[in-house]
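Just below is one structure, and these are the notes that go with it.
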Amino acid sequence: MDIEGRLGRRVGYQMKRVQHALRLEMDAVLRGVGLTTPQYAALGVLEDEAGLSGAAWRRRCFVTPQTMNQILTNLEGSEMVERRPHPEHGRVLSAFLTDKGARLVALAHGEVETIEDTHAGRFGPRGAFTAARGA
């Protein structure tokens, strides 16, 4: 049976194919900005919610503690994020975008929005998505 058979009619499978295509395109354009897709997601979350703890930030990025630790280490090392002691909870460190991080995420938004607009244009009048088939 070909891919457009039974599996090709599954909404979840088609959504995964679209997500994969989106991720590949984002990886390519974000590389030009100097970010990875997980770094872009993490910076975007901080842009919306400055001062998050590592645990809260991780949950909003849908990653494991180990993955967030790696992302955070890279972002801090690249001076895109800084952490400061929480004013009320002594052991908690809150994360904030630096000016460099804010500039890069703003630049990245423009690149990603172009990709998203292209994909959104592939929705038909009844909500059918054709990007997975490359149409």
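Quick note: the coordinates plus some simple rules give every number you see, no bench work behind them. As the structure is a computational prediction, the values presented were derived from the model and not from experiment. So basically every Cβ, Gly included, is an ideal-geometry build from the backbone, and we count neighbours across all protein chains shown.
General remarks:
For every residue, the table says whether it meets (1) without any contact (Cβ under 8 Å) to a residue 12 or more places away in the chain; (2) polar (S, T, N, Q).
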residue	(1), (2)
Gly5	yes, no
Gln19	yes, yes
Glu49	yes, no
Gly54	no, no
Leu75	no, no
Val92	no, no
Glu113	yes, no
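- Where helices (runs of 4 or more DSSP H) sit wholly within the stretch 1-107, those with at least 3 residues that are closer than 22 Å to Ala120 by Cβ and over 17 Å from the mean Cα position of the chain (by Cα) occupy 11-33.
- Scanning the stretch 40-69 for residues that are closer than 23 Å to Ala28 by Cα and loosely packed, with under 13 Cβ neighbours inside 10 Å gives a single hit, Phe62.
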